[in-house]
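Undergrad: Got a structure for you, questions after.
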Amino acid sequence: MQPQADPFITPVCHEEIDILYQDQYLLLINKPSGLLTLSGKHPLNKDSVHFRLVRDFPTATMVHRLDFGTSGILVVALNKEINAYVGKQFQARSVVKTYMAILYGHLAEEEGCIELPIAKDRPNFPLQKVCYETGKKALTNYCVIERLSEPFATKVVFKPVSGRTHQLRIHSSEIGHPILGCDLYATDEAFFMAKRLMLHAKSIEFDHPVTGKRVNGVSPCPF
């Protein structure tokens with residue numbers, strides 16, 4: 001029996017990829033919301049960050065990913081050795097990332113830490129779930145930037161310590177403040193309060209694989 005193709009067809013993304021930094025070893029790029037990081041299995045889902053970049057950078061490989069709806073900064077390696085070197089920094093958790101998000105409702109605390117283990121929700125791919133038996137440790141720090149009245153929401157900075165799939169989306173939902181526009185974990189009300197997923201990868205810090213100097217890339221938040 002042939003496996004069924006992914007039925008989800010991504011809408012056309014007309015926004016361009018911005019190159020924020022470039023040298024002979026790597027790129028820092030700004031991914032628009034509504035663009036896949038890697039091409040999907042369905043033949044109509046070819047368009048992606050990687051698909052576009054290899055036209056000009058044939059050896060480009062993605063060091064990490066952002067969800068389809070998430071915008072913001074991505075590290076792109078220009079050869080396999082660079083990918084492996086930066087990838088080890090992700091595994092060692094020496095890469096520092098910050099995200100901007102708008103959450104439903106008003107958070108009571110000015111800052112806090114969310115620690116909830118995350119596992120695959122196997123019957124409901126691609127969903128993840130909080131599971132204390134099989135889940136992997138996941139830790140997210142947050143800080144309130146602004147409480148909004150219209151919409152009734154809170155703008156926050158997230159600093160994830162771990163990098164689990166859908167981590168920020170799940171952690172936000174589990175504390176009762178899902179990210180606006182989230183199609184997987186938000187309530188219907190929170191989903192329809194925004195035209196996109198209100199999550200943006202704002203900055204990333206890591207050691208340059210050749211110079212050893214600390215790279216600090218920033219992508220301005222569009223909301």
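Undergrad: Kindly provide the set of residues from the stretch 40-66 that are at pLDDT below 95 and assigned to a loop (DSSP other than H, G, I, E, B), ordered by number. Break it down stepwise before answering.
TA: Going residue by residue through the stretch 40-66, those that are at pLDDT below 95 are 40-46.
Those that are at pLDDT below 95 and assigned to a loop (DSSP other than H, G, I, E, B): Gly40, Lys41, His42, Lys46.
Undergrad: Which residues, taken from the stretch 136-194, are over 17 Å from the mean Cα position of the chain (by Cα), hydrophobic (A, V, I, L, M, F, W, C) and not in a loop (DSSP other than H, G, I, E, B)?
TA: Correct list: Cys143, Val144, Ile145, Leu148, Ala153, Ala190, Phe191.
Undergrad: On the given criteria, is Asn79 surrounded by fewer than 17 Cβ atoms within 10 Å (Cβ to Cβ), free of Cβ contacts under 8 Å to residues at least 60 places away in the same chain, within 28 Å of Lys195 (Cβ to Cβ) and out of contact with any Cys (no Cβ under 9 Å at 6 or more places or on another chain)?
TA: no
Undergrad: Give the residues of the stretch 47-77 that are among the charged types (D, E, K, R) and within 23 Å of Ile179 (Cα to Cα), sorted by residue number. Full working, then the answer.
TA: Taking the stretch 47-77 first, the residues among the charged types (D, E, K, R) are 47, 52, 55-56, 65, 67.
Scanning the stretch 47-77 gives Arg65, Asp67.
Undergrad: Let me ask something else. Looking at the stretch 121-147 only, could you name the residues that are among the charged types (D, E, K, R) and surrounded by fewer than 17 Cβ atoms within 10 Å (Cβ to Cβ)?
TA: Asp121, Arg122, Glu133, Lys136, Lys137, Glu146, Arg147
The values are calculated or read from the model by the stated rules, or taken from the named source; none is laboratory data. Bear in mind that the values here come from a model prediction, so they are computed numbers and not experimental data. Because the Cβ atoms are built from the backbone with ideal geometry, glycine has one as well, and the counts that use them run over all protein chains shown.
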